[in-house]
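Working notes for the structure below.
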Amino acid sequence: MSFTAYQTFIYSWMLLGAAVFIYLCFKPAPYGRHLDKNWGPAIPNKWGWFIMETTVLVALFANLLPYIDWMTLPCLVMVGLFCLHYVNRAFVFPFRMKTQGKRMPILTVGSAILFNTINGSLLGLWFSRFADYPDSWLTQPRFLIGVILFAAGFTINLWSDGKLFALRKKGDTGYYIPYGGLYRVISSPNLFGEIIEWTGFALLTWSLPALAFLVWTLANLAPRALANQRWYRAQFPDYPTQRKILFPFIW
Ligand SMILES: NC(=O)c1ccc[n+]([C@@H]2O[C@H](COP(=O)([O-])OP(=O)(O)OC[C@H]3O[C@@H](n4cnc5c(N)ncnc54)[C@H](OP(=O)(O)O)[C@@H]3O)[C@@H](O)[C@H]2O)c1
């Protein structure tokens, strides 16, 4: 694939992300608390998460492996950070969830598989064929600031997901108001952490595919955070009124 074709594909891909954003503002993705049973057959949600999130690693490595011997140290560090997130998301997160008996529509899993295949392939192609990072990249400010943002976002995401898991006792699948940490100021700090993470990744790689991933992350998570806020307010009359939706003190 030529670099021009690759770039053109990514610009179109980002436009599609913008269209998905508009759609999701009206109809939340049907899983978890926003599950809609009209979306057809479903599978156990743990396996849904495991299958859809493993796909991105498969797509990434299918593109990387033939070239891995030629990759520079900065590329390997970047791939390592990406894998850190997805090893958690695919192999740890689904088995920490307390969602016994809950299901996820096959259509949701299928659309996430499609997204993850494209996202993993675009990043794999970037790191294996197009990227050119000298070792000095590792000391550049954009790399260092990006790593700090990535680490902060990862920690916030992990901690906030953990806080939600801790609200339920074993076998319980009910919903409660989370308190503490960033839950004091926003309703969905796990989604906020994820956005900070991929902002850091876009900065530290300074690349078009990572920017596209950030665009898609915002397109998915901003409407979801809005739907979560509305849902909390509808479910809990005593829900703290000062909590913002996604960005502390802003929105
Ligand atoms: N990069 C991306 O584009 C992208 C897209 C989607 C998700 N993600 C990430 O994937 C993770 C999960 O996303 P999500 O939308 O499923 O998050 P979520 O709605 O906050 O749910 C996370 C987990 O906590 C449980 N939970 C949520 N609110 C709860 C409450 N008030 N009381 C008790 N339990 C509660 C959920 O159970 P139920 O399943 O029973 O609701 C689920 O097991 C997040 O870390 C998110 O950042 C990333």
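The values are calculated or read from the model by the stated rules, or taken from the named source; none is laboratory data. As the structure is a prediction and not an experimental result, all values here were calculated from the model. Methodologically, a virtual Cβ is constructed for each residue, glycine included, from the backbone with ideal geometry; neighbour enumeration extends over all protein chains shown.
Name the one entry in 168, 243, 129, 184 that is of a type in the set (D, E, K, R), over 22 Å from residue 85 (Cβ atoms) and in contact with a strand residue (DSSP E or B) (Cβ under 8 Å, 6 or more places away or on another chain).
243
Check the range 115-128 and report whether any residue there is more than 30 Å from residue 169 (Cβ to Cβ) and modelled with pLDDT under 95. Yes. The C-beta contact set for the range 136-162 (first residue in contact (Cβ under 8 Å) with a residue 40 or more places away in the chain and within 16 Å of the ligand (Cβ to nearest atom), second residue part of a helix (DSSP H, G or I) and polar (S, T, N, Q), distance under 7 angstrom, 6+ apart or interchain) comprises 149/199; 157/190; 158/88; 161/190. For the range 166-182, the candidate set comprises residues that are touching a residue at least 60 places away in the same chain (Cβ under 8 Å) and not basic (Lys, Arg); within that set, the residue that is nearest to the ligand (Cβ to nearest atom) is 175.
Restricting the range 207-245 to residues that are more than 17 Å from residue 153 (Cβ to Cβ) and aromatic (Phe, Trp, Tyr), which is nearest to the ligand (Cβ to nearest atom)? The qualifying residue nearest to the ligand (Cβ to nearest atom) is 232.
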